[in-house]
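Comments concern the structure below.
Every number here is computed from the coordinates shown, using simple stated rules; none is lab data. Computed from a prediction, not measured in an experiment: that's the story for all the values here. So basically every Cβ, Gly included, is an ideal-geometry build from the backbone, and we count neighbours across all protein chains shown.
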Amino acid sequence: MLKIYVDMEKCQHYGQCVFEAPDIFKLNDDDKLEYVATADDSRRTDIESAIDVCPMQAIVLQD
Amino acid sequence: MSKSVVIVGASMGGLRTAEALRNAGFTDNIAVIGDESHAPYNRPPLSKEVLAKEVTHEAVAFKQRQQTADVVWKFGSPVVDANLDAKTVTTDDGETFSYDGLVIASGLRPRRLDVPNGNVTGRHTVRSLDDAIGLRAALVPGARVVVAGAGFIGCEVAATARGLGCEVTAVAIDEYPMVRPLGPTFAADLQARHETHGVQFRLRRGIADLEGDGALTGVLLDDGELLPADVLVEAISSHCNTEWLNNTNLDLSNGVLADRALRAVTVDGNSVDGVHVVGDLARFANPLFDDVARRIEHWNIPTETGKRVGPVLNAYLSGEGYDELVAQPFTPMPSFWSDQYDLKIQGFGMPALADEIAIIEGSIGGELVMGYYRGGKLVGVVGIGLTSTLMKLRKELMGDA
C-alpha cells in the first residue's frame, strides 16, 4: 500500500497532478485540491509522475 | 558487456532522465556530472517563496528515489570537452568518462550586463541555489533594488523584494513587463498590479553603466537617469551551456538541435544515435504547434524531455524496440506558472506565437483567462486563477477536447 501526502502549505492548487493520476487527485468545485491518501502499489508510476509535474513540489510518497 | 550512460548536467533534467532510464529497464552504469556542488533541486522557489524565507538546499532538494540509488553523482565538476567519435567527455579536473549513451543536460546560465564599470559588488542573478543565498542576504528592508529585465523571473524577484520591504525599480527594454509571452493587454494589467504594490518601472530603457567604487551605489540608464541602488538583480535572459560541445559537429546555433526522439542533430542534419538532449537546451519541433524547432525554457520541459529520452536511449543500448520508439511523436505541452504577490499566473502552450489575443473569461484587473490564437487556432492560454477553465483549455490545446 502506498501512502500519499500533500503539503497543503505548499500546494497552490494548480491541478497538474490531476492530469497524471485523476483517480488520486482532483480539484473540487472551488478549484481546491482533494486527494486520496492511500493507493495500491500498482499506482506508483502515475503517482511519481504527479509528483514530478507539481510546480510546488508539494506531493510526497511515503514508502 | 555492461553499458554506461553519462549525463552531463545534474539538475532536474539530468535527474529525471536517470530515473526514466531506470524505469525503462536500464540497469547498467549511470553517471551524472554537474558543475554545481549541490544535488538536484527545484529552481522556481529560488525567485519566490524560498527567497522570501531562509534559503537552504534541504528546502528545495528533490527526493532521491530508490530506483536511482546506484547512480554515480559527480558534483562541482564542469564538463569542458566531448569527443563523440571516441565517446568520451572530460571534466575540468582532467577526468575522462567513457560512454555508450550521452545525455546533454547542461542547461543555461544567466546572461550578465556588459557595462564599463562592471566590477562592483552588489550584482546578483537568480539561477542557482548559491545565487539565491547571496541575493537573500542582500534583500534587507529599505535596500534599494534595481531589477534588470522584466520577464517572469525579474517580476517574481521584484514582487518578493517588495514583500521583504525593499524599494524596487524594474528596468527593461520592452514596452511592458512580461510582454513577449503575454502580449500588451495582459502585460499592462500585470504592470498596474505591480505598481499597486509599489514597484516602479523604467521601460524601453537600457542600462548604460553602474556607479560605485567597490560597492554598487547606482544604476545609470541609457537616457541619463541615475537610479540610486544597493542591489542589482540581473534577470536578462540566458546563455546556453554548450561550450563543452564546441569540438563536436553538433548544431549548436541555439542550444542543441534535436529530432523528435531528442537525439542531437549535426550541422549536416544527421541525428546521432545514443546522444540525446534534454531540458532548456533541447531545440526541437513540437507537432502540437508546427515543425519549427524551438527551445522551451519552461519548468516542465526538463521532466518531459527526460521521460522521452529514458526509454529511447534504453532501447538503443539494449537493441530492442528502438526504431518503434524513435518513430513515436513527441508532443509535450509547454506549461508555466508564476507567483507574484497573491497572483497565481498559469499558462499552457506557446502564447508567444499568437497573432491574435482575446479574453476568454474574466476581466482585466481581476481573475482572467487570456486566449492566444494563430491563424484562428488556439496556441496558448494564460490565466490568473480560474484553474478549471485553464484545465479545459489545456485539453483543447492537446487536441483532445
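So the values come out like this:
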quantity	calculated
16 Å Cα-Cα reach of B:Lys377 towards aspartates and glutamates, excluding residues that sit fewer than 8 places from it in its own chain	B:Asp290, B:Asp291, B:Asp355, B:Glu356, B:Glu396, B:Asp400
Fraction of the pair-distance distribution of chain B above 34 Å, Cα-Cα pairs, percent	34 percent
Integer Hz, Karplus 6.51/-1.76/1.60 couplings in order for the stretch B:212-223, x for Gly and Pro	x, 10, x, 9, 4, 10, x, 10, 8, 8, 6, 9
In range of the label at B:Arg374: residues from the stretch B:276-309 whose backbone nitrogen is under 11 Å from the point 7 Å along Cα→Cβ	B:286-294
Relative packing of B:186-194, B:90-98, B:217-225, which averages over residues the other C-beta atoms within 10 Å, highest first	B:186-194, B:217-225, B:90-98
Label-point gap, in nm, between A:Thr38 and A:Asp23 - each point 7 angstrom along Cα→Cβ	1.6 nm
Neighbouring partner chain Cβ atoms per residue of A:50-56, average, 10 Å criterion	6
Packing-based order for B:300-313, B:279-292, using average beta carbon neighbours within 10 Å, highest first	B:300-313, B:279-292
Estimated Rh, the protein assembly as shown: Kirkwood, alpha-carbon pairs, angstrom	23.2 Å
Lysines with Cα under 16 Å of A:Lys26, excluding same-chain neighbours fewer than 8 positions away	B:Lys392, B:Lys395
Percentage relative contact order, chain B, counting C-alpha pairs under 8 Å, at least six apart	16 percent
Considering only chain B, percent of DSSP beta bridges that pair antiparallel, nearest 5	60 percent
Inter-centroid distance (Cα atoms) of the stretch B:324-361 relative to the stretch B:43-66, Å	24 Å
Diffusion coefficient, µm² s⁻¹, Stokes-Einstein with Kirkwood Rh over alpha-carbon pairs of the stretch B:342-398 at 25 °C and 0.890 mPa s	222 µm²/s
